[in-house]
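Heads up, the thing below is written out as structure tokens.
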Amino acid sequence: MLLSERVMEKLEILADAAKYDVSCASGQSKRENKNKGIGNSSGFGICHAYTEDGRCVSLLKILLTNHCIFDCAYCVSRKSNDIKRAAFTVEEVVDITISFYRRNYIEGLFLSSGIFSNPDYTMERLVRIAKKLRKEENFNGYIHLKAIPGASDELIREAGLYADRLSVNVEMPTEQSLKLLAPDKNHQDVIRPMTFLKEEIAGRKEEKKIIKKAPLFAPAGQSTQMVIGATKETDLEILAMTDYFYGKMNLRRVCYSGYVPISTDNRLPALGTPVPIIRENRLYQADWLLRFYGFKVNELVGWDQPDLDLDIDPKLAWALRNPEQFPVDINTADLEMIKRIPGVGVKSAQRIVQSRRYRRLKPEHLQTMGIAYNRAKYFLAFSTPFSLHKDLTQEQIKQQILKLQQSKYEKNFSSQITLF
Amino acid sequence: MITLACDGTFEGWLTALFDIYEYRFTDVEFSSEGVSANMFSTTRQVTTDLLKAERVKKGLKQRLSQQGYQQLYHTFFSEIENAEQQMWLFAQYVFASKINVEGDQRNPVVWNILKAAQMVRRESHRMKAFVRFQLTKDQIYYAVVEPDCDVLTLIAKHFSDRYADQRWLIYDDKRKYGIYYDLNSVSVVEMTFNELSGGVEIWDDKELFFQQLWQRYFGSVNIKARKNMKLHLQHMPKRYWRHLTEKKTGL
Ligand code: SF4
């Protein structure tokens, strides 16, 4: 019993330390249950529970250890921080993962770690856990491993054979910030394994096209995360990095994690500073626009306006800045332009293009197509004159929409505004 | 007026449809109780016939997209009022039209099916997420659920695919039956399972430990600075808490 008491304590410490590391839920992966083993991953992972802050719990997300030889200022596990330390054994992590999975608590494991003794030593253990799960336990659930910066290519390659997704976290959006807050790390240690993984993933994909039986290699790709609000980067700088990761590194996801103050270090926001939840949300929205709506970074932010609007979403903001693009006639406009209308999502845009083949669309048709009509109406043109809002200024439109949505963030928003 | 009494299976309902067209019944009503409450109606017991059912199924599938057919099928498990009747109204519309009518959402007959199916799908999703197995001494993973709709049939495959190497039983305490997987296939088991909710003797030695461990984990992943109970309750409505390990008290 003493032993299990200790495991409980460890879990508490190591889950607590891992929670500030955002996992963008679990990635998409397809792994079938082979030879009557345990588990599978199919498409989107299931959220088995939700925390009291409303986030999805789908993975057992823990650190192997929170001992660390580094001293990154923004991190709870940093060497100089006076906290309880713990480390799991390989067997313990395997055992907890399997036991939780069998009880339908989780979709899989998200394992990260502080760095003990050196990067390879740590990475080797992470790999051993994934290997044991796959090979000995015949586990086909989801596994996300953190690639430890500075670990050898060999180990990272091996990790890819067992994990569904690998992530190398940049943590700080720019090299200067990383230097300032994580003096032991260097930007190259992050970029190098990312590049390596990118090439490896692409190569394995080619191989799989030719040889069907070739093993899976990180089928859910790689992702990274940036802490925002800890340093003074603008959204422009952050989104430029994002663009680089998607465009040049073929990353599947970039995650943004609003900095939760955990330190009195004067390089960082003071304790009690609110978590920039709205900003984080706006960045996710912008990220979405880049990936699925055909927007370019310089359409969302620019030198003259380096930060996203907090009170309205980036798509609406773009529309208001570009009145000459509107109104759009949904009966003739191309799909790309329809996607850009505020209140119209990718799915509804496709639906519009599909159904207008049968008949001319009128305002009343839109209401049943999953469109936020109250928002979209300011930007639509119909064949029969529909000039209801023709004379409104951009500012008036904004105010009307704002009133309409009664900003669900209002409370957070007012406390945050004092920051600026 | 004719009242049709089926045996409570989807195939039974399909057979009833076959009979309606075969005997050209015009004014029909479905009853699940077997005897009609309507004194001006004669009750006809429908004997489920898989061949007839198959033919009706084929006819429906020809006239609906796969998704449209699924919606109808799912409605059967919705337990909305007069589900069989509503499904019949929908099917009637389907067979009477030359084109696929499933997109005609402005027709209440279609809309009702759509809504019911949506509810069933949501409930199936919830059950895939909210089932919590507890390991018994004889190494069966056992879970109790009380879903809003009768979804066990719909989630069986998900669980047998995923947990192919463990014996498990999911028991619906509202409807007093369960599905049991014996390492080969899933079967329906009828029982009242009160004795299991009792003593600790029946659980595996480590069961309590893993439940406590999970509770601790759940507690420690919460970020207090971001607390948002409204969102929490929206995702995990209170009526499900009774069977959620992480929400149990006094472990
Ligand atoms: S290396 Fe990782 S765990 Fe260690 S202090 Fe830096 S961020 Fe924290």
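The table below lists the values:
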{"read-out": "Hits in the range A:42-59 - residues which are in contact (Cβ under 8 Å) with a residue 12 or more places away in the chain and more than 7 Å from chain B (Cβ to nearest Cβ)", "value": "A:S42, A:G43, A:F44, A:G45, A:C56, A:S58, A:L59"}
{"read-out": "Matching residues in the range B:42-89 - criterion: being buried (at least 16 other Cβ atoms within 10 Å of the Cβ) and small (G, A, S)", "value": "B:A53, B:G59, B:G68, B:S78, B:A83"}
{"read-out": "Filter pass, B:I170 being buried (at least 22 other Cβ atoms within 10 Å of the Cβ) and assigned by TED's automatic domain parsing to the domain that holds B:Y93", "value": "no"}
{"read-out": "Boolean, A:L166 is touching a His at 6+ places or on another chain (Cβ under 9 Å) and not in a loop (DSSP other than H, G, I, E, B)", "value": "yes"}
{"read-out": "Residue ranges of strands (runs of 3 or more DSSP E) in the range A:37-140 with at least 1 members surrounded by fewer than 21 Cβ atoms within 10 Å (Cβ to Cβ)", "value": "A:41-43"}
{"read-out": "Test result for B:D204, under 19 Å from the mean Cα position of the chain (by Cα) and surrounded by 14 or more Cβ atoms within 10 Å (Cβ to Cβ)", "value": "no"}
{"read-out": "Considering residues of the range B:122-141 that are more than 8 Å from chain A (Cβ to nearest Cβ) and part of a strand (DSSP E or B) only, the residue nearest to B:K157 (Cα to Cα)", "value": "B:I140"}
{"read-out": "Residue, nearest to the other protein chains (Cβ to nearest Cβ), within the range A:111-140, restricted to residues that are among the aromatic types (F, W, Y) and within 15 Å of the ligand (Cβ to nearest atom)", "value": "A:F116"}
{"read-out": "Identity of the residue in the range A:250-273, small (G, A, S) and part of a loop (DSSP other than H, G, I, E, B), that ends up surrounded by the fewest Cβ atoms within 10 Å (Cβ to Cβ)", "value": "A:G272"}
{"read-out": "Residue check for B:Q105: touching a residue at least 12 places away in the same chain (Cβ under 8 Å) and either within 18 Å of B:R24 (Cα to Cα) or in a loop (DSSP other than H, G, I, E, B) (or both)", "value": "no"}
{"read-out": "Test: residue in the range B:158-165 that is touching a residue at least 24 places away in the same chain (Cβ under 8 Å), of a type in the set (S, T, N, Q), over 23 Å from B:S78 (Cα atoms) and within 13 Å of another protein chain (Cβ to nearest Cβ)", "value": "no"}
{"read-out": "Matching entry among A:E171, A:E200, A:E233, A:E237 (being acidic (D, E), within 16 Å of the ligand (Cβ to nearest atom) and surrounded by 15 or more Cβ atoms within 10 Å (Cβ to Cβ))", "value": "A:E171"}
{"read-out": "A:G294 vs. criteria without any contact (Cβ under 8 Å) to a residue 24 or more places away in the chain, outside any helix (DSSP H, G or I) and on the phi > 0 side of the Ramachandran plot", "value": "no"}
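The values are calculated or read from the model by the stated rules, or taken from the named source; none is laboratory data. This one's a predicted model, so the numbers in the text were calculated from it and none came from an experiment. Cβ sites come from the backbone with ideal geometry, for glycine too, and all protein chains shown count toward neighbours.
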